[in-house]
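Trainee: Please see the structure below; I have some questions.
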Amino acid sequence: MRKPLIIFLFILIFFSSCKKNRDNVSPNMGYSYAGLDLGSYIVYDVDSYHYNKPFNVDTIVQFQIKEVVDARYMDLEGEEAFKIIRYRKEKDSTQWVLQDVWNAKRTITNYQKDEENIRYIKLIFPVRDNKNWNGNAMNNNGAEEYEYVSVNQREIVGSYTLDSVLTVLQFEDVNLVQERFFEEKYAAGIGLISKKSVDIDKAFNNSTGLWERDTGNEVVMTIAGYGN
């Protein structure tokens, strides 16, 4: 009788141990996509297109933006936050000029960033395919549904091949008469690696028989360098 009892107790202890191990495994929340390492920086190539066909004006401006995680502090909500200093360098210059100062923080549930004194919820955690949220939940703008359209993908962005990239679709409404498209990509361990903003109205061109870009702007930011 003792031998079967010992075997039964051994099996019971074994499965109990397995359950505890499973319970102790933390899910991959995706916090590293936010970046925010003190002292880190990212440099972006920026292509800015402006369309104004009625006045025969189409312009392209190219420059660089550098974002530096400059300091850590406690915000008014008693949470850890970071000051991000942004610099701009013109294409034909070697001098970085102070552009502005933004703020950002990562909480247990989301990544927030203040851009021009407007706070956006850029990411939510855990990071999962097809999850959506209101990116404007912490500002006075109208509700805007953000969505993870891809997660943990290997992608080539700029000159970098990155193993773990996620894409946030912020807004999309592209049709015959307008283009509205806003998207950001983040890489694990780096942060924001690309951003595309398109806000353009179209008009019918009698010469070509096509609806073409008429007025508006397109801005594309692509990572050009990063480090600590």
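The values are calculated or read from the model by the stated rules, or taken from the named source; none is laboratory data. Since we're looking at a predicted model, the values are computed, not measured. Here the Cβ is made from the backbone with ideal geometry for all residues, glycine too, and neighbour counts use every protein chain on show.
Trainee: When the residues of the stretch 86-100 are filtered to those that are touching a Lys or Arg at 6+ places or on another chain (Cβ under 6 Å) and outside any loop (DSSP other than H, G, I, E, B), which remaining residue is farthest from G135 (Cα to Cα)?
Mentor: V97
Trainee: While we're on this one: Go through (1) more than 13 Å from the chain's Cα centre (by Cα); (2) surrounded by 13 or more Cβ atoms within 10 Å (Cβ to Cβ) one by one and return the number of the condition E184 breaks.
Mentor: Exception for E184: condition (1).
Trainee: Next question. If you check every pair at least six apart or on different chains, which have Cβ atoms under 6 Å apart with a residue in the stretch 114-136 that is exposed (fewer than 14 other Cβ atoms within 10 Å of the Cβ) first and a residue that is modelled with pLDDT of 95 or more and of a type in the set (S, T, N, Q) second?
Mentor: So the pair list comes out as I118/N139.
Trainee: When the stretch 67-85 is examined, which residues are found to be among the hydrophobic types (A, V, I, L, M, F, W, C) and either farther than 25 Å from K195 by Cα or assigned to a loop (DSSP other than H, G, I, E, B) (or both)?
Mentor: The initial filter retains those residues of the stretch 67-85 that are among the hydrophobic types (A, V, I, L, M, F, W, C), namely 68-69, 71, 74, 76, 81-82, 84-85.
Once the filter is applied, which keeps residues that are among the hydrophobic types (A, V, I, L, M, F, W, C) and either farther than 25 Å from K195 by Cα or assigned to a loop (DSSP other than H, G, I, E, B) (or both), the stretch 67-85 yields M74, L76.
Trainee: Here is a further query. Please go through (1) at negative phi; (2) touching a helix residue (DSSP H, G or I) at 6+ places or on another chain (Cβ under 9 Å); (3) not polar (S, T, N, Q) for G189 and return the number of the only condition it doesn't satisfy.
Mentor: (1)
Trainee: On to the next question. Condition test on L162, is it within 13 Å of the chain's Cα centre (by Cα) and either within 22 Å of L38 (Cβ to Cβ) or among the hydrophobic types (A, V, I, L, M, F, W, C) (or both)? Reasoning before the result, please.
Mentor: Values: within 13 Å of the chain's Cα centre (by Cα): no; either within 22 Å of L38 (Cβ to Cβ) or among the hydrophobic types (A, V, I, L, M, F, W, C) (or both): yes.
So L162 fails the test.
Trainee: Just to verify a result, which residue in the stretch 116-138, among those that are over 13 Å from the mean Cα position of the chain (by Cα) and in a strand (DSSP E or B), is farthest from K185 (Cα to Cα)?
Mentor: In this case the residue turns out to be I118.
Trainee: Now for a different question. Which of (1) at pLDDT 95 or above; (2) more than 18 Å from P54 (Cα to Cα) is the odd one out, the single condition I200 does not satisfy?
Mentor: For I200, the failing item is (2).
Trainee: Also, quick follow-up: How many residues, within the stretch 159-192, are small (G, A, S) and either assigned to a strand (DSSP E or B) or modelled with pLDDT under 95 (or both)? Steps first, please.
Mentor: First pass over the stretch 159-192, keeping only residues small (G, A, S): 159, 164, 187-189, 191.
If we keep only those that are either assigned to a strand (DSSP E or B) or modelled with pLDDT under 95 (or both) as well, we get 164, 187, 191.
Going through the stretch 159-192 one residue at a time, the tally reaches 3.
Trainee: Among the residues of the stretch 72-84, are any of a type in the set (D, E, K, R), closer than 28 Å to A224 by Cβ and in contact with a helix residue (DSSP H, G or I) (Cβ under 9 Å, 6 or more places away or on another chain)? Give the steps one after another, and end with the answer.
Mentor: Going residue by residue through the stretch 72-84, those that are of a type in the set (D, E, K, R) are 72, 75, 77, 79-80, 83.
Still in the list and also closer than 28 Å to A224 by Cβ: 72, 83.
Now narrow it down to the ones that are in contact with a helix residue (DSSP H, G or I) (Cβ under 9 Å, 6 or more places away or on another chain): none.
For the stretch 72-84, residues of a type in the set (D, E, K, R), closer than 28 Å to A224 by Cβ and in contact with a helix residue (DSSP H, G or I) (Cβ under 9 Å, 6 or more places away or on another chain): absent.
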